[in-house]
Each structure stands twice: as C-alpha cells, then as structure tokens.
Amino acid sequence: MGAHDALPVMPAHANGQLYDGGRWRPARGGSRAVIEPATGATIGQVGIADAQEMTDAIARAHAAQPAWAATAPRDRAAVLLKAAQALEARFDELSLAVARETGGIVPKGQHEVREAIVLCRIAAGLPMQAQGQVLPSTPGRLSIARRVPHGLVGVISPFNFPLILGLRTVAPALALGNAVVLKPDPRTPYSGGVLMAEVFEQAGLPAGLLQVLPGDGEAGEALVTDPRVPMIAFTGSPGVGRRIGELAGRHLKKVSLELGGANNLVVLDDADLDAAASAVAFGAWFHQGQICMASNRVLVQRPVLEALKQRLVAKATHLPVGDGASGQVALGPMIDAKQLGRFDQLVKDTVEAGARLEAGGQHEGLCYRPTVLSGVKPGMRAFDEEPFGPLVNLVAFDSDDEAVALANNSQGGLAAAVIGRDVARAMAIGERLNAGMVHINDQTVNDECTNPFGGPGLGGNGSAVGGPADIDEYTRWQWLTVQAGVRAFPF
Ligand code: NAP
C-alpha cells in the first residue's frame, strides 16, 4: 500500500457525472465505483450514460459542430496547442493518475501523457495543411476536390491505454472541424474521458463539441446507430469490433476498427540473445501484456531456443510484480478479475494441450507473474487466441519459410517483428509477414503518433489512424465546382 492509496483519482466535480461539452451533470443511468486495480481502493465514481443520454449528447454535439467547422483553421489549431500546454503543465499529476487508474507502472502513465501532448501538437498542424486539390477541368470552371469534416465522430475506447487511444481520435477529429462524442471504458473513465474534458475546457474548446459519456453496450449501440453520427472510431476487441462493424454497415457509416489479433516476434539463430531476451520480455510483459501490439507469439529458431528460454525464465523469476504506482515494480496488476480469470484459463488450457509451463502461471490478487510457455503450437489456445496477459509463448521453427508460415497462420494482426544480425535476411522475412506494422531488430510494441497505425484481419478493417492517415480518416472528399454563370445544356 502506497501513500497515494487514500487519494481519489476522480476530481470532485466529475465524480459520478457525465460531461456535456461544457458542464458536468449527474448521470441518469446511475454511477459505479472506479477501482484502483493495485489496491482495490475506490478512487471515484463513474457516471453511467443510458441510451437516452447518449442521444441527447449527440444532439448537443450535432448542434455545436457547424460553427466549429466554420472557425478559422488557426483558431482551431490554437485550441489544440493550448490542450498540449494544459497536459504539460500537469504532467506529473496526470501521469500518476493514469498509472493508478490503469494499473500501470509510473513510466507507463508518463508515456501516455507524453504521447498525448505529441498527439495534440500534431493535430494542431492538421487544420493548417492544404485541404484538397485543384483538378483539371473544362475552361471557365474551377474544380476542387476538398476535404470536409464528417460532422460528428463517435469514439469508443478501451481500458489499457485509455488516454492515448481515445485522444488519438479526439484530437485530430476536433482539429479537422468535427464534434466528438466519446464513450470511454467505464473501468478507466478518468484517463479515458474526464481528463480530456478538463484539458479541452481549459484550452477554450467551445461548448458542446466534446461530450464524454462512459456507458455500457446500450449507450455504445445508441452511439453507433444514431443517423447524426456518420463515423465511428472503435478501438477494442475483435469480437466487439465485429458487432460495431455490422451495426455501422447496416446504418451506412464509416467505421474505423482498431482491434487485436496475433503479433509475431521472430528470433533468428544469429540474434544477439541478451538483446533479444530483453526485447521479448518487454514486448510480451509490458503493461502485463494488455497491449494490442504485445509480442504474443515468440517464434524462435530451434538452435537458440534453449538459450533464449533460459534468459526469459531468469527474467520472469526475478522481475518484481505489484503496485505499479509504487515505483518499485516492473509489472502491475491486470485490470480486473474477469480479465485475469480469462487469461489464467488460457494458460491452463494451453498447458493441458501439451505446452510446458517454464515460469509464472501464478498470481496474487490481480498481479500475475510474468509467464513463459514453451512447446506452443497451432491448435493451442495461447497460439490461436490473443492472450492479453503477461505471456511469452515460445514456438519453435527450423527454416525461414516455416517461420513465415507459422506467423501467417492467423487471421491477421497489428504488428510483427524480426530480430537477427543479418538485416537483409530479417527484412526478407519481415516483408512476407501479414501485419500492418513490421519492425526489424525490435519487438512489436511501437507507436510514434506520426505513423499510420492499424492492421489487417483481426487487427481491424484496414483503416489506419495516426500520422498521414488522419486527414483521410476524419474528413471526407467533397467535389466542388464553380462557374461564372450557368452553362448551356442541350435540353
Ligand atoms: P472490448 O471488450 O472490445 O471493449 C472496448 C470498448 O468497447 C470498451 O469501451 C467497451 O466498454 C466497449 N463496448 C463493449 N461492448 C460494446 C457494444 N456492444 N457497443 C459499443 N461499445 C461496446 O475490448 P477490451 O477487452 O476492453 O480491450 C482489449 C482488446 O482491445 C484487445 O483485443 C486488444 O488487442 C484491443 N486493442 C486494440 C488496440 C488498437 O489500437 N488496435 C488498442 C488497444 C486494445 P463496455 O464493455 O463497458 O461497454
């Protein structure tokens, strides 16, 4: 138990409330305790929106958006820059709050706040870029292809990196002239929503443009089905993503699905094994493996398998696990008992199917020991499913072709990586992997906010967010022609 235990994370003005784009108001859907995973302490109450509240919020955002889209680009940019400053001014306080609410270590909280600042700064540049092209056309006709905002963007975000995974849409969507209705995961409502409302209010975002409504599936579906919301940006599991995609399809909406799947990390026989072991440990165990890009399959060439395994087992045995905010541990708790129970069963089922438990496999409260399984093969749960827990799955291979075949034995994923001293060989393998993001001599957990982020299959619907993808993502094309007078027609 640390000194922070008694302190709430949720500020009094937001406790049990919803944010309607200018005012905090009680939630008709009631409220629920927000639990700090490491201590079990109640750190606030989250207001739960019902479907009607979601519909009302959409109406407010919808009404506020046209004036915002008509605001000078430099004034929209200024709001985003002020949001970055507001985050920077509260860096230490916010980093600790994010770490505590998400069960992360303090550097994880710092990472989220640091990246959030970058996201706001990058978004501030978007309104100042060219918004289209002048097209060749008939003489006397000005023909322009221009990007215009969608209007309203609905955002549904998960619990693991709630600040950056929400803000990576909220910031560019607002910057490009949209209003946003955000439904964060109710387990992490401060990092995923309240914090953003505070910062944008301080930055002078006009009323109504950002609505924050934590809620359950009912509120989420009201957001996804409302005809005034032409785009949904969803980040979460492939299962819920399918449902969101179906609903969006039925209601003829643009949908960005940022999901999960298999992330393969290939270790070749010429790799520096100390460096590789460190990369694997980080890729698989950082934030308890609760990362969409976690290195959830580690494919190792047979001659170096035993040596790499020994290094990983030593790390698994020694790494401290506990309250992430204490500053004394490498791994914190999992988000809740449901997530831990599912992961624990996956480990047990994989051992039952013939894999060997080399380290870990135990937990104290929500703190699961870093775990190593060897002999993992296709057909075992830990190979076939996304573990979303602190697990190194060691899968043996002999040839480069076999590594590629094993890696591509999946329904797709976000990230892949190859570690080996022969960079040309590692690149040749990397180019054959079915992933949205490929890294040579690295592990799979990478995001710089300047890169397009996404992946095929279970990774999502091929849409990407971030960097050069953002203008495409949060605006649509409009063809505009202008002539001095109406031209002559044949009838
Ligand atoms: P999840 O269960 O799919 O939840 C994600 C969000 O969807 C939550 O806010 C959840 O809140 C909401 N939700 C659930 N059912 C809904 C419905 N019927 N309608 C509307 N919203 C609904 O995902 P998770 O288990 O929290 O997160 C882990 C998964 O997310 C992993 O698969 C991971 O790979 C993926 N992920 C992907 C990325 C990426 O960038 N591609 C990043 C992080 C995580 P409620 O359940 O409270 O409604």
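If you go through segment 227-284 one residue at a time, how many are within 15 Å of the ligand (Cβ to nearest atom) and either surrounded by fewer than 24 Cβ atoms within 10 Å (Cβ to Cβ) or over 30 Å from Val313 (Cβ atoms) (or both)? Number of matching residues: 28. Of the residues screened, Arg297 is one that is closer than 21 Å to Asn409 by Cβ, surrounded by 23 or more Cβ atoms within 10 Å (Cβ to Cβ) and basic (Lys, Arg). Within segment 421-463, the set of residues being in contact (Cβ under 8 Å) with a residue 60 or more places away in the chain and closer than 23 Å to Thr475 by Cα comprises Asp447, Cys449, Thr450, Phe453, Gly454, Gly455, Gly459, Gly460, Asn461, Ser463.
I'd like the residue in segment 125-179 that is of a type in the set (Val, Ile, Thr) and either away from the ligand (no atom under 16 Å from the Cβ) or assigned to a loop (DSSP other than H, G, I, E, B) (or both) and, out of all such residues, is farthest from Glu221 (Cα to Cα). Break it down stepwise before answering.
Let us first name the residues in segment 125-179 that are of a type in the set (Val, Ile, Thr), namely 134, 138, 144, 148, 153, 155-156, 164, 169-170.
Next cut, either away from the ligand (no atom under 16 Å from the Cβ) or assigned to a loop (DSSP other than H, G, I, E, B) (or both) only: 134, 138, 144, 148.
Values: Val134: 39, Thr138: 46, Ile144: 36, Val148: 26 Å.
Ranking the qualifying residues of segment 125-179, first place goes to Thr138.
Tallying residues that are assigned to a loop (DSSP other than H, G, I, E, B), surrounded by 24 or more Cβ atoms within 10 Å (Cβ to Cβ) and either free of Cβ contacts under 8 Å to residues at least 24 places away in the same chain or within 12 Å of the ligand (Cβ to nearest atom) (or both) within segment 209-226 yields 2.
Give the residues of segment 289-328 that are more than 16 Å from the ligand (Cβ to nearest atom) and of a type in the set (Lys, Arg), sorted by residue number. Within segment 289-328, Arg302, Lys309, Arg311, Lys315 qualify. Cβ separations smaller than 6 Å between residues 6+ apart or across chains give the following pairs from segment 286-308 residues that are in the same structural domain as Ala435 (by TED's automatic domain parsing) to residues that are charged (D, E, K, R) and part of a helix (DSSP H, G or I): His287/Lys108. In the condition set (1) outside any helix (DSSP H, G or I); (2) touching a strand residue (DSSP E or B) at 6+ places or on another chain (Cβ under 9 Å); (3) more than 12 Å from the ligand (Cβ to nearest atom); (4) not small (Gly, Ala, Ser), Glu201 is compliant with all but (1).
In segment 1-107, counting only strands (runs of 3 or more DSSP E) that sit wholly within it, none holds 3 or more residues that are modelled with pLDDT of 95 or more and among the basic types (Lys, Arg).
The single condition from (1) more than 16 Å from the ligand (Cβ to nearest atom); (2) in contact (Cβ under 8 Å) with a residue 12 or more places away in the chain; (3) out of contact with any Pro (no Cβ under 7 Å at 6 or more places or on another chain) that Leu331 fails is (3).
With the condition kept exactly as written, say whether any residue in segment 142-158 is within 16 Å of Leu18 (Cβ to Cβ) and hydrophobic (A, V, I, L, M, F, W, C). Among the residues of segment 142-158, at least one is within 16 Å of Leu18 (Cβ to Cβ) and hydrophobic (A, V, I, L, M, F, W, C), which makes the answer yes. So, in segment 369-398, exactly how many residues are within 16 Å of the ligand (Cβ to nearest atom) and either part of a loop (DSSP other than H, G, I, E, B) or farther than 19 Å from Gly261 by Cβ (or both)? Adding up the residues that qualify gives 6.
The values are calculated or read from the model by the stated rules, or taken from the named source; none is laboratory data. Note that this is a predicted model, so its numbers are computed, not measured. Cβ: placed from backbone, ideal geometry, glycine included. Neighbour counts: every protein chain shown.
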